[in-house]
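Okay, structure first, notes after.
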């Protein structure tokens, strides 16, 4: 079998997903209010079993899900992916009580999750986050015995109070719970961060919607002494950065899959249009300048697809070098999707810029993935760091 080709059952499943997205999920997406959570769409994803499948999947299945849904309905893909991003820390690091409370609701599409990592001064540089988790009044700072964490990680008795801001948070301020990363040990960089599961109804937690290019909700969160306790910790105190990076290492290749899905949708549209459109006395596809552009679009899309699948397979196999491979997949796939969508717009001409056209929609959607979950520049830094670390290890 050719490397990274799909089994017939996988190919059939992908086509079923694409058909479901086009016929059933897209109409629900079109009825949604841009900038707000589409709860009927989430409920449909739950009824179809896709939210549960996502939570139980490895990286390759997640990539197939995201690529196939994106090819048929980007809103459905994004709704599913945001649920996964916000819930994965709970799946991997949550307590039995936390899982029992929230996972059935997420699987059914009734609870909305959000991943609250970015801040006004800490976007791509996640280790620089400043949201403060201070011991609650009257709480003595304990030794965190049994947790393997540093001094001051867990206060005795009173829990913590969260104070500060989170920014650019997808699904905020409409989520039902947030995976929040806060600094429990000042001056320790990535080693002093703790992950908390914070229900949206906690006192002191407020949010504001941000008017963004993206059609899904993005907002800012304000934490004014929000109370959290040991029961809200995800994983180990002071080791929340590992929770964040574990989530991003899984989802970065799947962001690439989302991008590949958009690129394939744009390529499909370009092939269809250039095969039928006449100009200058002939069909567009017969112009070498056009056919070569389409060939380049197809080649880059296939290369991106293979990078994404390779990174996902490496993650599932527990191979070394996953951060670098995940970074390559996200970098190349998102940059490729930008190129393919832009070229498809150029081949279509003015009609592709009309509000409501598929390519007009994709043109707006394709820009953000080059920024979120680590901008392209950050991915290049990760790749280079892995290369030099490998050289030093083998020296």
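Filter the stretch 189-205 down to the residues that are on the phi < 0 side of the Ramachandran plot and in a helix (DSSP H, G or I) and list them by number.
190, 191, 192 - these are the residues of the stretch 189-205 that are on the phi < 0 side of the Ramachandran plot and in a helix (DSSP H, G or I).
Counting just the residues of the stretch 4-33 that are farther than 17 Å from residue 262 by Cα and surrounded by 15 or more Cβ atoms within 10 Å (Cβ to Cβ), which one comes out modelled with the lowest pLDDT?
6
Each row is one residue, and each column tells you yes or no for (1) under 30 Å from residue 348 (Cα atoms); (2) surrounded by fewer than 20 Cβ atoms within 10 Å (Cβ to Cβ); (3) in the same structural domain as residue 253 (by TED's automatic domain parsing).
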| residue | (1), (2), (3) |
| --- | --- |
| 289 | yes, yes, yes |
| 294 | yes, no, yes |
| 300 | yes, no, yes |
| 303 | yes, yes, yes |
| 308 | yes, no, yes |
| 313 | no, yes, yes |
| 316 | no, yes, yes |
| 319 | no, yes, yes |
| 325 | no, no, yes |
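To keep it simple, each residue is scored yes or no on (1) surrounded by fewer than 24 Cβ atoms within 10 Å (Cβ to Cβ); (2) assigned to a loop (DSSP other than H, G, I, E, B); (3) touching a helix residue (DSSP H, G or I) at 6+ places or on another chain (Cβ under 7 Å); (4) at positive phi.
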position	(1), (2), (3), (4)
211	yes, yes, no, no
219	yes, no, no, no
222	yes, no, no, no
227	yes, no, no, no
244	yes, no, yes, no
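Return the residue satisfying two criteria in turn: it lies in the stretch 176-190 and is out of contact with any helix residue (DSSP H, G or I) (no Cβ under 7 Å at 6 or more places or on another chain) and farther than 15 Å from residue 223 by Cα, and of such residues it is modelled with the highest pLDDT.
Checking each candidate, the answer is 176.
Considering the stretch 350-368 alone, what residues qualify as being within 22 Å of residue 252 (Cα to Cα) and surrounded by fewer than 12 Cβ atoms within 10 Å (Cβ to Cβ)?
Listed by number, the list is empty, since nothing qualifies.
I want to confirm something. Restricting to the stretch 320-360 and keeping residues that are without any contact (Cβ under 8 Å) to a residue 60 or more places away in the chain, touching a helix residue (DSSP H, G or I) at 6+ places or on another chain (Cβ under 8 Å) and in a loop (DSSP other than H, G, I, E, B), which single residue is nearest to residue 67 (Cα to Cα)?
357
Count, please, the residues in the stretch 161-179 that happen to be under 18 Å from the mean Cα position of the chain (by Cα), more than 12 Å from residue 212 (Cβ to Cβ) and assigned to a strand (DSSP E or B).
The number of residues fulfilling the criteria is 4.
Among the residues of the stretch 369-383, is any closer than 18 Å to residue 333 by Cα, without any contact (Cβ under 8 Å) to a residue 60 or more places away in the chain and surrounded by fewer than 13 Cβ atoms within 10 Å (Cβ to Cβ)?
There is no residue in the stretch 369-383 that is closer than 18 Å to residue 333 by Cα, without any contact (Cβ under 8 Å) to a residue 60 or more places away in the chain and surrounded by fewer than 13 Cβ atoms within 10 Å (Cβ to Cβ).
Checking residue 326 against (1) at pLDDT below 95; (2) over 17 Å from the mean Cα position of the chain (by Cα), which test does it fail?
Checking residue 326 against (1) at pLDDT below 95; (2) over 17 Å from the mean Cα position of the chain (by Cα), the one that fails is (2).
Of the numbered conditions (1) under 29 Å from residue 256 (Cβ atoms); (2) over 24 Å from the mean Cα position of the chain (by Cα); (3) touching a residue at least 60 places away in the same chain (Cβ under 8 Å), residue 284 fails exactly one; give the number of that condition.
Condition (1) is where residue 284 drops out.
Quick test of your reading of the structure: residue 186 fulfils all but one of (1) assigned to a loop (DSSP other than H, G, I, E, B); (2) surrounded by fewer than 23 Cβ atoms within 10 Å (Cβ to Cβ); (3) in contact (Cβ under 8 Å) with a residue 60 or more places away in the chain. Name the failing condition by number.
Every condition holds for residue 186 apart from (3).
Let me spell it out: the conditions are (1) modelled with pLDDT of 95 or more; (2) under 26 Å from residue 369 (Cα atoms), and residue 291 meets all of them except one. Which number is the exception?
All conditions are met except number (2).
Inside the stretch 94-110, can you point out the residues that are within 25 Å of residue 41 (Cα to Cα) and touching a strand residue (DSSP E or B) at 6+ places or on another chain (Cβ under 7 Å)?
Answer for the stretch 94-110, where residues must be within 25 Å of residue 41 (Cα to Cα) and touching a strand residue (DSSP E or B) at 6+ places or on another chain (Cβ under 7 Å): 98, 102, 106.
The values are calculated or read from the model by the stated rules, or taken from the named source; none is laboratory data. It should be emphasised that the depicted structure is a prediction, and the values quoted were computed from it without experimental measurement. When we count neighbours, we look across all protein chains shown, and the Cβ atoms used for this are built from the backbone with ideal geometry, even at glycine.
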